[in-house]
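Read the structure below first, then the notes.
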Ligand code: BV8
Ligand code: ZN
């Protein structure tokens with residue numbers, strides 16, 4: 001794949017790069033994206049109908065079991081070439097911020113340092129009432145495990161629809177989008193707010209916007225460079241074209 005020489009020139013001279021990733025960057029590791037139809041038992045549910053406080057209040061066991069199933073899926077996969085290309089890009093860029101919507105932890109697992117997890121992390125579990133984090137919990141198949149401190153129900157430490165994003169991470173992400181010279185939007189359909197607004201904040205700041213995605217998205221008409229294909233294939237080639 002040849003890249004426009006103008007894009008390579010921008011990237012090699014940039015000292016401040018911000019990247020937003022979505023579930024698409026983990027697809028080649030074998031994780032289904034959020035919007036992909038669920039499989040097996042879970043095919044009967046839409047993710048948006050499970051990833052919410054209302055769903056958890058209505059049927060905590062069903063929601064807990066969905067996350068337990070996804071936690072196991074994450075344990076079984078490894079970062080792909082796209083994750084590692086972003087580690088390399090970070091090592092070559094003075095100011096690099098990796099903002100992710102993903103909850104799988106694969107960017108840190110691959111070695112990325114400055115990672116902002118806007119939607120939390122599925123490997124972390126906390127009490128729905130007192131917020132105490134825990135690494136261990138009973139695994140009886142009848143009920144949702146409870147907090148040893150207050151007896152409240154345990155839940156995954158992810159941001160559900162209708163819940164606010166972690167303030168610190170969101171503020172840092174907005175700062176990075178507003179101050180970067182190049183903003184990448186990678187493997188995301190750009191449908192979920194407020195994460196999707198970051199690309200527009202970067203654009204208003206005059207950043208060069210680069211989209212790397214398997215298919216066009218609502219952002220595509222507004223980007224400077226649209227690289228359509230698999231991030232695990234495009235990103236390593238892009239890093240090679242930038243730094244040999
Ligand atoms: C909030 C954690 C309010 C949980 C997730 C109407 C209009 C606008 C906004 C709203 C609205 N109604 C409601 C809202 C707000 C809502 C929202 O945005 N809804 C959307 C659906 C319209 N947002 C919220 O509720 C947020 N909170 O707004 O709070 C508030 C304010 C003040 C006070 C109190 C409350 C919270 C949003 C966070 C939700 N949690 N995840 C979990 O994972 O279980 S979001 C979830 O969706 C994932 O994090 C994922 O990243 C994200 C997007 O899902 P996907 O589509 O799977 O992934 P992605 O978008 O990344 O798409 C995959 C892309 O990759 C595709 O384009 C595909 O082509 C591409 N691809 C696939 N393979 C590859 C590839 N690309 C490259 N290479 C490949 N190999
Ligand atoms: Zn508790």
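The residue that is surrounded by the most Cβ atoms within 10 Å (Cβ to Cβ), among those in the stretch 12-36 that are in contact with a helix residue (DSSP H, G or I) (Cβ under 6 Å, 6 or more places away or on another chain) and modelled with pLDDT under 95, is 34.
The single condition from (1) in contact with a strand residue (DSSP E or B) (Cβ under 6 Å, 6 or more places away or on another chain); (2) in contact (Cβ under 8 Å) with a residue 60 or more places away in the chain; (3) farther than 16 Å from residue 24 by Cα that residue 54 fails is (1).
So, residue 182, is that one touching a helix residue (DSSP H, G or I) at 6+ places or on another chain (Cβ under 7 Å) and within 16 Å of ligand 2 (Cβ to nearest atom) or not? It is false that residue 182 is touching a helix residue (DSSP H, G or I) at 6+ places or on another chain (Cβ under 7 Å) and within 16 Å of ligand 2 (Cβ to nearest atom). For the stretch 113-135, which positions are more than 16 Å from ligand 1 (Cβ to nearest atom) and buried (at least 18 other Cβ atoms within 10 Å of the Cβ)? Listed by number, the list holds a single entry, 127. One residue stands out in the stretch 159-177 among those that are more than 22 Å from residue 131 (Cβ to Cβ) and free of Cβ contacts under 8 Å to residues at least 40 places away in the same chain: the one that is farthest from the chain's Cα centre (by Cα), namely 175. Being under 23 Å from residue 57 (Cα atoms), in a loop (DSSP other than H, G, I, E, B) and under 14 Å from the mean Cα position of the chain (by Cα) is a property that residue 103 has.
Restricting the stretch 136-169 to residues that are outside any loop (DSSP other than H, G, I, E, B) and in contact with a strand residue (DSSP E or B) (Cβ under 8 Å, 6 or more places away or on another chain), the residue that is nearest to ligand 1 (Cβ to nearest atom) is 158. The condition of being closer than 24 Å to residue 154 by Cβ and free of Cβ contacts under 8 Å to residues at least 12 places away in the same chain holds for only one of 61, 75, that being 75.
Only one of (1) away from ligand 2 (no atom under 16 Å from the Cβ); (2) within 18 Å of residue 59 (Cα to Cα) fails for residue 144. Which number is that? With respect to (1) away from ligand 2 (no atom under 16 Å from the Cβ); (2) within 18 Å of residue 59 (Cα to Cα), residue 144 is out only on (1).
Among the residues of the stretch 187-244, how many are in a loop (DSSP other than H, G, I, E, B) and more than 15 Å from ligand 1 (Cβ to nearest atom)?
Initial filter on the stretch 187-244 (in a loop (DSSP other than H, G, I, E, B)): 187-196, 205-207, 214-219, 223-224, 229-230, 244.
The next check asks that each one be more than 15 Å from ligand 1 (Cβ to nearest atom); those that pass are 205-207, 224, 244.
Of the residues in that region, 5 qualify.
The values are calculated or read from the model by the stated rules, or taken from the named source; none is laboratory data. Source: prediction; values computed, not measured. Neighbour counts are summed over all protein chains in view; Cβ atoms, including those assigned to glycine, are modelled from backbone coordinates with ideal geometry.
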